[in-house]
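The values are calculated or read from the model by the stated rules, or taken from the named source; none is laboratory data. On a predicted model such as this, the values are computed, not experimentally measured, just so you know. Because the Cβ atoms are built from the backbone with ideal geometry, glycine has one as well, and the counts that use them run over all protein chains shown.
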Amino acid sequence: MSVSVELNHVLIPSRDNRESAEFFARVLGLEVGAGWGPFIPVETGNGVRLDFATIPDGDRRLQHYCFLIPETDFDAFFARLKETGVAYHADPAGQQPGEINHHHGGRGVYFLDPGGNGIEVITQPYEPERKRPVSW
């Protein structure tokens, strides 16, 4: 049986939904959508919507989100990230601060968003069968 399933949207818990949505949109080069209900949306290039919701500190847990971008877009993304002043590192444990990684022939970086979520941006997926050309 073959079923077509696509990820449509994901709720991202935030200390302040507007601040987090604007941060993501800025560093990823996306647009903040019109808020609806308790959500501030940011849509990715493949149509997945990130719905930012303000969640009280005691109800929020660390989440991890990884975004795959073209290699040709990494320099512009990285410049925007550095402009924010957010600390970044090459590894998920934060043992390589101020560095990026070069896994699988691409580039990647980890940082925390304003809501305290762990964010990873990579130019090549970790699964070899899902490898993307360097400039897609």
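Test ALA93 against the criterion of being in a helix (DSSP H, G or I), small (Gly, Ala, Ser) and either loosely packed, with under 14 Cβ neighbours inside 10 Å or under 16 Å from the mean Cα position of the chain (by Cα) (or both), and give yes or no. Against the criterion (in a helix (DSSP H, G or I), small (Gly, Ala, Ser) and either loosely packed, with under 14 Cβ neighbours inside 10 Å or under 16 Å from the mean Cα position of the chain (by Cα) (or both)), ALA93 does not qualify.
Name the single residue, out of those in segment 99-117 being more than 22 Å from SER20 (Cα to Cα), part of a loop (DSSP other than H, G, I, E, B) and not charged (D, E, K, R), that is modelled with the lowest pLDDT. The qualifying residue modelled with the lowest pLDDT is GLY106. Can you pull out the residues in segment 20-42 that are surrounded by fewer than 16 Cβ atoms within 10 Å (Cβ to Cβ) and either farther than 21 Å from ALA87 by Cβ or out of contact with any Lys or Arg (no Cβ under 9 Å at 6 or more places or on another chain) (or both)? Those that are surrounded by fewer than 16 Cβ atoms within 10 Å (Cβ to Cβ) and either farther than 21 Å from ALA87 by Cβ or out of contact with any Lys or Arg (no Cβ under 9 Å at 6 or more places or on another chain) (or both): GLU31, ALA34, GLY35, TRP36, GLY37, PRO38. Scanning segment 37-50 for residues being under 11 Å from PHE24 (Cα atoms) and touching a residue at least 40 places away in the same chain (Cβ under 8 Å) gives a total of 1. Residues PHE74, PHE67: which one is under 19 Å from PRO114 (Cα atoms) and either at pLDDT 90 or above or outside any strand (DSSP E or B) (or both)? From the options PHE74, PHE67, the qualifying one is PHE67. Residue under question is VAL86, and the condition is that it be touching a helix residue (DSSP H, G or I) at 6+ places or on another chain (Cβ under 9 Å), outside any helix (DSSP H, G or I), among the aliphatic types (A, V, I, L, M) and surrounded by fewer than 17 Cβ atoms within 10 Å (Cβ to Cβ); does it hold? Spelling it out, VAL86 is indeed touching a helix residue (DSSP H, G or I) at 6+ places or on another chain (Cβ under 9 Å), outside any helix (DSSP H, G or I), among the aliphatic types (A, V, I, L, M) and surrounded by fewer than 17 Cβ atoms within 10 Å (Cβ to Cβ). Of the residues making up segment 11-44, those that are within 12 Å of the chain's Cα centre (by Cα) and not aromatic (Phe, Trp, Tyr) are ILE12, SER20, ALA21, ALA25, ARG26, VAL27, LEU28, GLY29, LEU30, VAL42, GLU43, THR44.
Within segment 4-40, the set of residues being among the charged types (D, E, K, R), at pLDDT 90 or above and not in a helix (DSSP H, G or I) comprises ARG15, ASP16, GLU31.
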